[in-house]
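Asker: Starting off with a structure, shown below.
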Amino acid sequence: MSLKVEDIMVTDVITVDANLTVKEAAQIMNKFEIGCLVAVDKGKATGILTERDLLKRVVAEARDVEKTKIKDVMSSPLIVVEPEMELEDAAKLMFEMKIKKLPVVKGKQLVGLITLTDIARFQPQIMKILKQLSQREQTPKRMKKIINHYVV
């Protein structure tokens, strides 16, 4: 029996208007103790703002947090998966795209979020695949911590 994305995705995804400031975004992330927000514009998921985005595109560039909008620093276009996708395929996509979080959409509707950590903790078979991928290809720097902790 193989697992699908919908079997382990989180369905309580915090979304924000892409026109909010990064200061407001950081406050929301702190309030909910989460590492990312899915940005929406006119009800459609358009990007994702991660802690890494804040570090690279706001802090490192010394941008004004009260003037910089989420839409100016979020990762976009959004890479998404569908709930019915095999977990193994989602893990491969994360590895290929060098990302750790994937919004889950059904049609155009955001229905969840899945992370590399969710996959690594949940599925021993996927861990085997991640280990093989990390041995065949150079593991992206931002994934090494998770791969080394949960997989190797």
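Asker: Considering (1) more than 20 Å from Lys4 (Cα to Cα); (2) free of Cβ contacts under 8 Å to residues at least 60 places away in the same chain, say which one Lys131 fails and leave the rest.
Answerer: So the condition that Lys131 fails would be (1).
Asker: So, one more: Report, by residue number, each residue of the stretch 88-142 that is modelled with pLDDT of 90 or more, over 22 Å from Asp53 (Cα atoms) and of a type in the set (A, V, I, L, M).
Answerer: Residue satisfying the conditions is Val111 alone.
Asker: Please state which one of Val80, Val40, Val58 is touching a helix residue (DSSP H, G or I) at 6+ places or on another chain (Cβ under 7 Å) and at negative phi.
Answerer: The unique qualifying residue is Val58.
Asker: When the stretch 68-91 is examined, which residues are found to be of a type in the set (Gly, Ala, Ser) and assigned to a helix (DSSP H, G or I)?
Answerer: Across the stretch 68-91, the qualifying residues are Ala90, Ala91.
Asker: Quickly run through the stretch 107-121 and pick out the residues that are out of contact with any helix residue (DSSP H, G or I) (no Cβ under 9 Å at 6 or more places or on another chain) and either buried (at least 19 other Cβ atoms within 10 Å of the Cβ) or in a strand (DSSP E or B) (or both).
Answerer: Across the stretch 107-121, the qualifying residues are Gln109, Leu110, Leu113.
Asker: Looking at the stretch 1-67, what strands (runs of 3 or more DSSP E) fall wholly within it and have at least 1 residues that are among the polar types (S, T, N, Q)?
Answerer: Here the list reads 15-17, 44-50.
Asker: Does at least one position in the stretch 96-103 carry a residue that is more than 11 Å from the chain's Cα centre (by Cα), outside any loop (DSSP other than H, G, I, E, B) and buried (at least 18 other Cβ atoms within 10 Å of the Cβ)?
Answerer: The answer is no, given that none of the residues of the stretch 96-103 is more than 11 Å from the chain's Cα centre (by Cα), outside any loop (DSSP other than H, G, I, E, B) and buried (at least 18 other Cβ atoms within 10 Å of the Cβ).
The values are calculated or read from the model by the stated rules, or taken from the named source; none is laboratory data. Predicted model, so just to flag it, every value in this text is computed and none were measured. In this analysis, Cβ positions are derived from the backbone assuming ideal geometry, glycine residues included, and neighbour counts consider all displayed protein chains.
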